[in-house]
């Protein structure tokens, strides 16, 4: 083969080798990252603090205070104040405790009265509706009622500071604390009275 015939073959071989090199370089060269479209949805990641926020807000709300139930009706005070325990046999006959305020009685209508002897009181006519309270604290209506049921009397000897439980003609309970006890015959006594509503 002549030298002129070898040149085309050599040139073809070189061109083929360049093609292989270019192809290999194109395959191995790193591709540029394709930017994401601005229309793709974005994902929001919640942190632990964000997830706990609703629970914290719930815990911060003040707990409503429950409304206490009303007291039983028999613990409701009907009237409270100072009274005169009138004597029997003079212009007034004892004292009635059911009216508001209590007022002088009319003989057999009286719930309590100053008795004939000094330092003594009597209950309702021919009824055992009195009892002396000996507890250290002022009695509740139930305690007074139980005391009358357990130790009922018609007459009591009292002194200043004595507490007397009374059941009225209409069934109410009263507690009387003597603040003045007369030492004179047929003279009234004075007491601070608490009278409760019916059960």
TODO: Could you work out the Kirkwood radius for region 73-196, taking every pair of different alpha carbons, averaging 1/r and inverting it, reported in Å?
DONE: 13.8
TODO: Take residue 127, project a point 7 Å from its Cα along the Cβ direction, then tell me which residues of region 151-169 have their backbone nitrogen under 15 Å from it.
DONE: 152-155, 165-169
TODO: State, to one decimal in nm, how far the label point of residue 151 lies from the label point of residue 116, with both points 7 Å from Cα in the Cβ direction.
DONE: 2.6
Task: Translational D in µm²/s for region 96-156 (Stokes-Einstein at 10 °C, 1.306 mPa s, Kirkwood Rh from C-alpha pairs) - done: 127
Open item on the list: Distance between the C-alpha centers of region 100-147 and region 157-186? Whole Å please.
Closed with: 5
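Coordinate-derived values only; no laboratory data. No experiment lies behind these values; they were computed from the predicted model shown. For neighbour counting, all protein chains shown are included, and Cβ atoms are generated from backbone atoms with ideal geometry for every residue, glycine included.
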